[in-house]
1. Can you compute the modelled spin-label distance between Thr3 and Ala121, with each label point 7 Å from Cα toward Cβ, in nm?
2. How do Trp214, Trp87 rank when sorted from fewest to most other Cβ atoms within 10 Å of their own Cβ?
3. Based on other C-beta atoms within 10 Å, arrange Phe60, Phe193, Phe152 from fewest to most.
4. Would you work out which of Trp57, Ala190, Val18 lies farthest towards the positive end of the dipole of the chain, given +1 charges on the beta-carbon of Lys and Arg and -1 on that of Asp and Glu, about the Cα centre?
5. Considering lysine pairs in the chain that are 8 or more places apart or on different chains, how many have Cα atoms under 19 Å apart?
6. Any chance you could give the angle, 0 to 90 degrees and rounded to 10, that helix 3-28 forms with the longest Cα principal axis of the chain?
7. Using a Förster distance of 22 angstrom, determine the FRET efficiency expected from the C-beta separation of Val109 and Ile41, and round it to 0.05.
8. Top mean-square fluctuation among Gly51, Gly14, Gly210, Gaussian network model of the chain, C-alpha springs under 10 Å?
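FYI, it's all coordinate maths here, none of it is from the lab. As the structure is a prediction and not an experimental result, all values here were calculated from the model. All Cβ positions, even for glycine, are placed from backbone atoms using ideal geometry, and neighbour counts span all protein chains on display.
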Amino acid sequence: MKTEKKIGWLLIAGAVGVLIPYTILTMSFEYPDILRQDIGIILTKFHDGGGPLVFTWWAFAILGLPLLVAYIKIGQLLENRISFIRWATTLGVISGIVQIIGLLRWVFVVPVIAHSYTTSADPVIKEIAKGNFQTIHQFGGVLLGEHLGQLFTMAWTIMISIAFIKLKLFPKWVGWIGIISSVIYLVAQAELFATVIPGFPAWSMAGFIGSTLWLIWLIITGIMFIRTK
């Protein structure tokens, strides 16, 4: 199979691999809206989800791995033609790794905290569990996964989209979809600052719109690579 076709299928597989468990989480765990609820509600609902919910989070973290391979292969394909592609590839790989680490907190850390919260009648232990969740969520989720992970993903997307446009690999609108989705995704970063700066202005729909448009861009780009002659 030609390199371009491999890249195309990897991009599509990664996008679909992320979309399926994300959709399941929205239905079974009310994610991401659940994160705006009281921590006690979050931990109780998570504990009630049991093993199936834990494995859904694991799938959400792992099934996007084909994207990392695609990032590397795109870098190898274009690095001799555009000077900044190696930087883009590095940022793309880092983005995927930190997002995987952030998501895996739901698999190996949150279950322990949720069990402690839901099985104890001691209000002190419950408050400690809520404090532990808040700390690990801010570090693993907000800092690593959502801030660094998404920031580096947007940087990779913009740089790769610019490369597509400059090299005329695909129609210009393909590159512009990548750039526009990244800009919208960037607006979603305001929600992260709102977690530590009360009253910080944020657009709650930016994350959903930006991420959805980005996944669509991945699939479109994958199709374009597959059709490349």
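1. 6.6 nm
2. By the 10 Å Cβ count, ascending: Trp87, Trp214.
3. Working: Phe60 24, Phe193 13, Phe152 21.
If I rank by nearby Cβ atoms, fewest first, I get Phe193, Phe152, Phe60.
4. The listed residue farthest towards the positive side: Val18.
5. Close lysine pairs found across the chain: 15.
6. 20 degrees
7. 0.75
8. Top of the fluctuation ranking is Gly51.
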